[in-house]
Amino acid sequence: MSRMKDDLSGTLDISILKALSFQERLAIGLARLKDQRRLTNKDLAEQLGVSEAYMSQVTRGMRDVKLSTLDKMQREWNVQIEDLLKVTEKDLPRVTALKARRGKKSASETTS
């Protein structure tokens, strides 16, 4: 099995990319888009005509999106949906960050 060095957790199994949910794949694709275009959740929300809170949930992989919203993303941002859902080895730092944020939230929820 292919493995890659990861500063946060030692070694990260690349098979984790195959186990990502649709929401997590989209969150990673949106993070990549935000980085490339230097945008914020507020910018993305304004472009789509949705609330910043909704966009925040989507970019954290915590919210489903409608097909009509995916279509609007494609048209508004001139991207292919396939590109937003594609996750490669280059995205492993984003995967690690997403998993770390979710882990912290889960830990805080169990102590509350």
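Please work out if VAL87 is buried (at least 17 other Cβ atoms within 10 Å of the Cβ) and touching an Asp or Glu at 6+ places or on another chain (Cβ under 9 Å). Working first, answer last.
Numbers: buried (at least 17 other Cβ atoms within 10 Å of the Cβ): yes; touching an Asp or Glu at 6+ places or on another chain (Cβ under 9 Å): yes.
Taking the combined requirement at face value, the residue satisfies it.
With touching a residue at least 12 places away in the same chain (Cβ under 8 Å) and outside any helix (DSSP H, G or I) as the only criterion, which of ARG63, ARG101 stands out?
Working: ARG101 fails: outside any helix (DSSP H, G or I).
Being touching a residue at least 12 places away in the same chain (Cβ under 8 Å) and outside any helix (DSSP H, G or I) holds for just one of ARG63, ARG101, which is ARG63.
Report yes if ILE28 is modelled with pLDDT under 95, open to solvent by less than 30 Å² (accessible area, probe 1.4 Å) and within 15 Å of VAL79 (Cα to Cα), otherwise no.
Values: modelled with pLDDT under 95: yes; open to solvent by less than 30 Å² (accessible area, probe 1.4 Å): yes; within 15 Å of VAL79 (Cα to Cα): yes.
Answer is yes for this residue.
Say we look at segment 36-65 and pick out the residues that are surrounded by fewer than 17 Cβ atoms within 10 Å (Cβ to Cβ) and at positive phi; which of these is nearest to the chain's Cα centre (by Cα)?
Restricting to residues being surrounded by fewer than 17 Cβ atoms within 10 Å (Cβ to Cβ) and at positive phi, the top hit is ARG38.
Is it true that THR96 is modelled with pLDDT under 90 and part of a helix (DSSP H, G or I)? Can you show your working first?
Values: modelled with pLDDT under 90: yes; part of a helix (DSSP H, G or I): yes.
The answer is yes for THR96.
The values are calculated or read from the model by the stated rules, or taken from the named source; none is laboratory data. Fair warning: this is a prediction, and the values are worked out from it, not measured in the lab. No Cβ is skipped: glycine too gets one built from the backbone with ideal geometry, and neighbour counts run over all protein chains shown. SASA here: full protein model, heavy atoms, side chains in, ligands and nucleic acids out. Shrake-Rupley method; radii C 1.70, N 1.55, O 1.52, S 1.80 Å.
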